[in-house]
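Structure first, then comments.
The values are calculated or read from the model by the stated rules, or taken from the named source; none is laboratory data. Computed from a predicted structure; not experimentally measured. Don't worry about glycine lacking a Cβ; one is built from the backbone with ideal geometry, like all the others, and counts go over all protein chains shown.
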Amino acid sequence: MTRDRKSHTGMPRRGFLQGLGGGAMTGLLGGIGASPAFSREGPQRGGTLRFGLAGANTTDSLDPGLAWDDFMMLLTYGGLRNGLVELDENANPTGELAESWDASSDARVWTFKLRKGVEFHNGRTMTVNDVIASINHHRGPESTSLAKSIFQQIEEVRADGDALRITLAEGNVDLPVLLSDYHVGIMPTNDDGTVDWQSGLGTGGYVLKHFEAGVSAEATRFQNYWKEGRAHADEVHLLAINDVTARQNALLTGQIDAMNRVDLKTLSLFQRKAGVRIMEVEGYQHATMPMLTNVQPFDNLDLRKALKYAINREQWVETLLRGHGSVGNDHPIPASQKFANSELEQRLYDPDKAKFHLKAAGFDTISLDISAADAAFAGAVDGAVLFRESAAVAGIDINVVREPNDGYWSNVWSKKPFCMCYWTGRPTPDAIFSLIYAEGASFGDTNWQNGRFNELLVTARTEFDESLRKNMYAEMQAVLHEDGGTVVPMFMNYVLGLSDGVGTPEAVNRDLPMDGMKAIERWWVTA
């Protein structure tokens, strides 16, 4: 902790808002046009902002560590709570509850200066002890947090006066990005050192008024919110509408103001409706087909390769996405990300290669179940049917098992040996590799283990030189492509439907849908 330390100062909130510019517009696609939403008058205060959302479950919890789909991510991360760090429109970490931070030269010891005078919804001032308890909520053997594997890197969390000091077992230059994860909301501590997640209390722009898991939520603006120029609406209402036709009808009839996951089959008709505009963002979201690699026959590398060659990715993009996306290459890093491996050969649909690897795995033909529900992503069931058709040419008989939407993530995903899934992506390779693909990852849905991959993951964390890190991340993408237990058929643009009565910033965050899941505090009502 000397002159060699790397430092960062969070941009002041006013400067951050004024600095929102064209950087993210490269990821903002057609369908916006001249609209009242881009009034030169800027954000307006007042009104009720109503969201109709897919991605709600009756098992949902106000525990941010258990958030795993759009409804709870938007409510807890974008409305009720703040993190230490948030991402700007270019996916760069900037201070939220942490005003600034610095790190030792080996990126192992980090000190975060906390903002002063920030209040929880109950009027109590946030302290470093609340931050410590909130981080520890994701640590230790008793933690049920889905971000637990990320925080296994932490060796010690303690107060350094009014500041926070985090010591890692090994250095990680991406720690601020990891702390921006939507699971890491800061909550008030209880007397026993645990946190109060049950009440929904936080330091965010909105105070929880009503919550019914899988049904609805309502919140009112926090009058003492510390952020300048955020939390514009008087109230926000979230309504669970998992059926896409019902969501779109709710928007057309004025029951809601914004919706996620527009039906791409009817997009051209829908966007011509009066009073509706489409926001399309080229983000990091991608479809996956995870296999449990410790379960036969998916423990066989040649069988996994056969499945990867048996899928027609171009057909998926054209049929399921109507061109609103791009083909995947069996790893989670999009071409738009600065660490993408542009030299990695694109895997194409090749039934002959699929047959070759199937034979190498010891099979002339094989019959496999794949579990699917549109809860996984819009069109997931149709995708499974397309996969059945393309794989049949290679002698692979795919039986599509239709699963219920409700409870899909708790009963099917990571439990059934082969299923449909999606990920919103993360701003850095380390974040998504640590969460899903590393040995022991909290969100690991393949139980995949690869020694070289895990070795590179640890080594890259301590490398400040981005060119050297890019080389390591490139190799990791190649390892996943070749050996991993996940088929990544396509990257999917975020396609949202908004009424003309909703205002949004000109530049939006593309790391997560719904403006980086900050729509509750960043969007406003114009009429």
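Some values worked out for this structure:
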read-out: Residues located in the stretch 93-126, provided they are among the β-branched types (Val, Ile, Thr) and either surrounded by fewer than 16 Cβ atoms within 10 Å (Cβ to Cβ) or in contact with a Pro (Cβ under 8 Å, 6 or more places away or on another chain) (or both); value: Thr125
read-out: Residue that is farthest from Ala360 (Cα to Cα), among those in the stretch 390-432 that are of a type in the set (Phe, Trp, Tyr) and at pLDDT 95 or above; value: Trp413
read-out: Criterion (within 18 Å of Ala147 (Cβ to Cβ), without any contact (Cβ under 8 Å) to a residue 40 or more places away in the chain and either among the charged types (D, E, K, R) or touching a helix residue (DSSP H, G or I) at 6+ places or on another chain (Cβ under 6 Å) (or both)) met by exactly one of Glu455, Glu439; value: Glu439
read-out: Number of positions in the stretch 309-332 that are touching a residue at least 12 places away in the same chain (Cβ under 8 Å) and part of a loop (DSSP other than H, G, I, E, B); value: 11
read-out: Single residue of Leu146, Leu114 found to be in contact with a Ser or Thr (Cβ under 7 Å, 6 or more places away or on another chain) and either of a type outside the set (D, E, K, R) or under 16 Å from Pro188 (Cβ atoms) (or both); value: Leu146
read-out: Those residues of the stretch 418-452 which are buried (at least 18 other Cβ atoms within 10 Å of the Cβ) and either over 22 Å from the mean Cα position of the chain (by Cα) or of a type in the set (Asp, Glu) (or both), in sequence order; value: Asp430, Asp445, Asn450
read-out: Qualifying residue in the stretch 235-250 (condition: at pLDDT 95 or above, more than 27 Å from Gly379 (Cβ to Cβ) and surrounded by fewer than 24 Cβ atoms within 10 Å (Cβ to Cβ)); value: yes
read-out: Members of the stretch 337-352 found to be in contact with a Lys or Arg (Cβ under 7 Å, 6 or more places away or on another chain) and either of a type in the set (Lys, Arg) or not assigned by TED's automatic domain parsing to the domain that holds Val327 (or both), listed by number; value: Arg347
read-out: The stretch 144-172 residues that are assigned to a strand (DSSP E or B), paired with ones that are of a type in the set (Val, Ile, Thr) and at pLDDT below 90 (beta carbon under 7 Å, 6 or more apart); value: none
read-out: Of residues in the stretch 70-97 being assigned to a loop (DSSP other than H, G, I, E, B) and touching a Phe, Trp or Tyr at 6+ places or on another chain (Cβ under 7 Å), the one modelled with the lowest pLDDT; value: Asp88
read-out: All positions within the stretch 282-299 that are hydrophobic (A, V, I, L, M, F, W, C) and crowded, with 24+ Cβ neighbours inside 10 Å; value: Ala287, Met289, Met291
read-out: Scope the stretch 349-379; condition of a type in the set (Asp, Glu) and surrounded by 18 or more Cβ atoms within 10 Å (Cβ to Cβ); matching residues; value: Asp374
read-out: Restricting the stretch 338-348 to residues that are surrounded by fewer than 19 Cβ atoms within 10 Å (Cβ to Cβ) and of a type outside the set (A, V, I, L, M, F, W, C), the residue that is modelled with the lowest pLDDT; value: Lys338
read-out: Hits in the stretch 442-462 (condition: outside any helix (DSSP H, G or I) and either touching a Pro at 6+ places or on another chain (Cβ under 9 Å) or not polar (S, T, N, Q) (or both)); value: Phe443, Gly444, Asp445, Thr446, Trp448
read-out: Strands (runs of 3 or more DSSP E) wholly inside the stretch 213-287 that include at least 2 residues being under 30 Å from Asp330 (Cα atoms), within 21 Å of the chain's Cα centre (by Cα) and among the aliphatic types (A, V, I, L, M); value: 276-281
read-out: Among residues of the stretch 154-182, those that are under 20 Å from the mean Cα position of the chain (by Cα) and over 17 Å from Thr94 (Cα atoms), counted; value: 0
read-out: Meets criteria (without any contact (Cβ under 8 Å) to a residue 12 or more places away in the chain and more than 30 Å from Asp465 (Cβ to Cβ)) for Thr125; value: yes
